[in-house]
Amino acid sequence: MTPRSTEEERLQAGGAARARADRTPGGIPEPDSTTPGGTMVDGFGRTVRYLRISVTDKCNLRCVYCMPEEGLEWLRRDEILSYEEITRIVEVMAPMGLTRVRLTGGEPLVRKDLPDLVGQLSRVPGIRDISLSTNAVLLAPLAQELRAAGVNRINVSLDSLRPERADRIARRPDVLNRVMEGLAAAESAGFDPIKINVVLMRGENDDEVADFAALTRERPWHVRFIEVMPTEANLGLSAAQTMTCGEALDLIGRVDALEPVEGPEGNGPAAYYRFPGAAGTIGVITPMSHNFCGACNRMRLTASGQLRPCLFGSIETPLRDPLRRGEDLVPLIEETLRIKPEKHLLVQGSASGSGGLIALSQTGG
Ligand code: SAM
Ligand code: SF4
């Protein structure tokens, strides 16, 4: 069997697991016929229940694939949605069918008093799941408070298990230590599942794929490899250093057999596998090599209050100013849902499909 067919077979088997997971998102109850409220269905028949909320465009790291080292213009404070405004938008969307939110950024933990927002969101009727994406550098002292406030799942970004390399990729010092402290605190606080996101970069961390996978043998973590998506800021990298998840699976498959499994709760775009008897799983997120837009269940709210039906592309609806003017947001949300694109138009090595996006930190990746 050629390596290519091996990776295709694995991804297809994983895709089946992903499709099953889409129908039965483990652990998170979805509305049933007894649940009051609407359903948000887009023009392609996809049901949207999930909103990713960027609480800030700022970050304490400068990951090479995400942000330029300098030159990004920051939003002014008055341009950023307040916690009350974010909560108000979620209150409007929940009766329309929203059940799950994820807080992201930029780095969400650089925004002050994040547990206050979590508390507000957890009291919105209909919201059953609040999750967080973080680089975990600031997580250790906040983990307990975030959990108590209502965050139940956490995704941590980490691209190398080697200290100097982790610093070089993040362009900031002492990253690995602090992320590991954050992960330990997340475990002690009872977060389950804990997912670790690793962006694949050829020649940068491809020699660590097996080490990351090995973490799942002992720890109940879900390590997910992500293909780099091109933006204006990372064109050089995304053109020259792209590596597919299929290649990563082949590298791992040389170490031990992998079996496709249903992933942890929070049905997202990942397909999951497991080493026999392992405590955790290995996931792959393949925006470039295997488009998963057909199962997309989400919209995004940027820190400045733009509702985006897709991470990429230029479609966005400003909600902030209509909200501040006291206008009805429902028709604006319905229209954004109606024009949700069928799929992203990203092409490796080109920023044209990103819709002029400079960095994922701007929209909340
Ligand atoms: N700062 C938080 C973090 O790093 O997890 C949340 C925001 S970050 C934009 C969300 C996720 O997007 C991270 O897992 C990050 O690795 C991923 N990401 C950022 N830029 C990316 C790109 N160009 N291609 C693929 N993934 C990217
Ligand atoms: Fe910051 Fe996350 Fe982007 Fe890294 S991936 S620069 S941590 S927003």
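The values are calculated or read from the model by the stated rules, or taken from the named source; none is laboratory data. All values reported here derive from a predicted model rather than from experimental measurement. Don't worry about glycine lacking a Cβ; one is built from the backbone with ideal geometry, like all the others, and counts go over all protein chains shown.
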Worksheet entry | Check on residue 148, out of contact with any Phe, Trp or Tyr (no Cβ under 8 Å at 6 or more places or on another chain) and modelled with pLDDT of 95 or more | yes
Worksheet, complete the sentence: Picking from 240, 257, the residue that is closer than 19 Å to residue 215 by Cβ and surrounded by fewer than 20 Cβ atoms within 10 Å (Cβ to Cβ) would be 257
Worksheet item: Which one of 132, 98 is more than 10 Å from ligand 2 (Cβ to nearest atom) and over 30 Å from residue 241 (Cα atoms)?
Response: 98
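Checking the condition within 16 Å of ligand 1 (Cβ to nearest atom), part of a loop (DSSP other than H, G, I, E, B), in contact with a helix residue (DSSP H, G or I) (Cβ under 9 Å, 6 or more places away or on another chain) and at positive phi, which residue from 106, 126 passes?
Of 106, 126, the one residue that is within 16 Å of ligand 1 (Cβ to nearest atom), part of a loop (DSSP other than H, G, I, E, B), in contact with a helix residue (DSSP H, G or I) (Cβ under 9 Å, 6 or more places away or on another chain) and at positive phi is 106.
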Fill in: Whichever residue in segment 32-82 is closer than 22 Å to residue 137 by Cβ and aromatic (Phe, Trp, Tyr) and, among such residues, is surrounded by the most Cβ atoms within 10 Å (Cβ to Cβ)
65
Worksheet entry | Neighbours by Cβ (under 7 Å, 6+ apart or cross-chain): first from segment 193-209, touching a residue at least 24 places away in the same chain (Cβ under 8 Å); second surrounded by 22 or more Cβ atoms within 10 Å (Cβ to Cβ) and among the small types (Gly, Ala, Ser) | 194/186; 197/157; 200/248; 205/160; 208/160; 209/248
Worksheet item: Restricting attention to segment 36-67, and to residues there that are among the hydroxyl-bearing types (Ser, Thr, Tyr) and within 16 Å of the chain's Cα centre (by Cα), which single residue is farthest from ligand 1 (Cβ to nearest atom)?
Response: 50
Fill in: Qualifying residue in segment 138-156 (condition: under 21 Å from residue 100 (Cα atoms) and of a type in the set (Asp, Glu))
yes
Worksheet item: Can you name every residue in segment 266-286 that is buried (at least 19 other Cβ atoms within 10 Å of the Cβ) and not small (Gly, Ala, Ser)?
Response: 267, 269, 272, 273, 274, 275, 281, 282, 284, 285, 286
Worksheet item: Which ranges mark the strands (runs of 3 or more DSSP E) fully within segment 147-265 that have 2 or more residues being under 23 Å from residue 130 (Cβ atoms) and hydrophobic (A, V, I, L, M, F, W, C)?
Response: 153-157, 194-200, 221-227
Item to complete: Kindly indicate which of 87, 104 is among the hydroxyl-bearing types (Ser, Thr, Tyr) and under 23 Å from residue 281 (Cβ atoms).
Response: 104
Item to complete: Might you check whether a residue that is within 16 Å of ligand 2 (Cβ to nearest atom), of a type outside the set (Phe, Trp, Tyr) and touching a strand residue (DSSP E or B) at 6+ places or on another chain (Cβ under 8 Å) occurs anywhere in segment 166-181?
Response: yes
